[in-house]
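Contents: one structure, followed by commentary.
All of the numbers you see were taken from the coordinates with simple rules; none came from a lab. Since the structure is predicted, the reported quantities are computational estimates derived from the model, not experimental observations. All Cβ positions, glycine included, derive from the backbone under ideal geometry; neighbour counts span all protein chains shown.
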Amino acid sequence: MGSIVERKRKDGTVSYRAQILIKSKGRIVHQESSTFDRLTTAKAWLKRRDKELATLGGLDAARRKSGSVGDVIEDYLKATGGDIGRTKSQVLRRIRKDFAISDIPCDELKPSDVTSFARALAKSGVAPSTVQNYLSHLNAVLSIARTAWNYEMDRNVALDGIPAARHLKLAAKSKSRTRRPTLDEIQRLLIHFIETHTRDSRSLPMHVVMTFAMFSSRRQDEITRITWEDFHEPDMTQLVRDMKHPGQKKGNDVLCETPPEAMRAMKLQPHRMGKIFPYNADTVSSRFTRACKFLVIEDLHFHDLRHEAISRLFEMGKTIPQVAAVSGHRSWQSLQRYTHLRKTGDKFGDWNGWSLLEHGRK
């Protein structure tokens, strides 16, 4: 009634998948499987399940799945069709293929197993903030295993293991970056990008993209998606489609206000239909990174321009609701870290960058 299949993981280790298939009158009435690190464990599980299924009512009880954590992950990936974001998908696939927690039966999973998983991640050189992300993605899957696919498990087991991982400093929330570009750094980057674009007018106009980012607060993915059709000039708003959200990859469309400086940058683009910045988001990031390296500007990321835009608004005396209307934050709590900024005026009040942007380098 049962069989065991040996398979190799990417890291060279071997796992054993125990499978059970029950037929009645030529039809499959029940099938289940689970994956283990050791052959002896797989055989023991197969023997135990055979005995349980043979008892009165055992087959009915088996409708409550007793697969492994890896099986839950597989069901989750199939159910979502991979439409969960590239990072989350990669994390879940790696957990399923490379870590022992994937082989643990759902009904035997304990909070200490989650902590052991965090310890294995940390031992492999993964930073605490990344460990935290792994645990969060795993918890998102396991928390719905019972209700979505009828797996026999405690939905809180992962959630209970996370505090221990944090207490042991295996996992931690990522620290908020505070890096902002100086006016000198902005000027150097601007001149560099203008010179590059002047030599090849077909190249990506990073000077315009960078300027739009540091006034609009838009992320690089958002910048390369927004369209002229979604921009309403009379009230200076733009619909930012599929804005980044921790629990929603698509459909999170947010109407955001557009600062006049951001609109000024937009109007440097030659076209007025379709995407305002029809470029690849990864290319935008890589060009910015290379320019910083070439100019010896240390520890500056393209995403820091969003931080610059938000910080500037607070320094201009804007309130949290007013800033959120531009940044798109739904939770004002996310903006609390900026409230220490004093009202000092506009950093770009007498900025001569517009002359470079609109008339070329003098």
Pairs over 19 Å Cα to Cα, from K78/K244; K123/K175; K97/K123, come to K78/K244; K123/K175
Cα to Cα, under 17 Å, and not fewer than 8 places away if on the same chain: which lysines meet these conditions relative to K275?
K267
Total charge of the residues flanking A118 in space, meaning their Cβ is under 12 Å from its Cβ, with Lys and Arg +1 and Asp and Glu -1, is +3
Rounded to the nearest 500, what is the chain's calculated 222 nm mean residue ellipticity when only DSSP H runs of at least 4 contribute -39500 (n - 2.57) each, over all residues?
-14000 deg cm²/dmol
Loop-only check: which trypsin sites (Lys or Arg not before Pro) in the stretch 286-341 are DSSP coil with at most 15 other Cβ within 10 angstrom?
R330
Let me have the relative contact order for the chain, percent, based on Cα pairs under 8 Å that are six or more residues apart.
12
Taking every alpha carbon pair in the stretch 214-362, what does the distance histogram look like in 5 angstrom bins from 0, in percent?
2, 8, 16, 21, 22, 18, 10, 3, 0, 0
Can you tell which of L170, S33, A145 lies farthest toward the positive end of the dipole of the chain, using +1 and -1 charges on the Cβ of basic and acidic side chains (Lys, Arg; Asp, Glu)?
S33
Cleavage-rule hits (trypsin sites (Lys or Arg not before Pro)) in the stretch 127-176: DSSP loop, at most 15 neighbouring Cβ within 10 angstrom:
R155, K169, K173, K175
Just want the answer: with Cβ charges of +1 for Lys and Arg and -1 for Asp and Glu, which residue in Q333, L204, G274 is farthest toward the dipole's positive end in the stretch 183-359?
Q333
About the Cα centre, charge dipole magnitude for the chain (Lys/Arg +1, Asp/Glu -1 at Cβ), debye
920
Rotationally averaged projected area of the chain (alpha carbon convex hull; nm²):
23.9
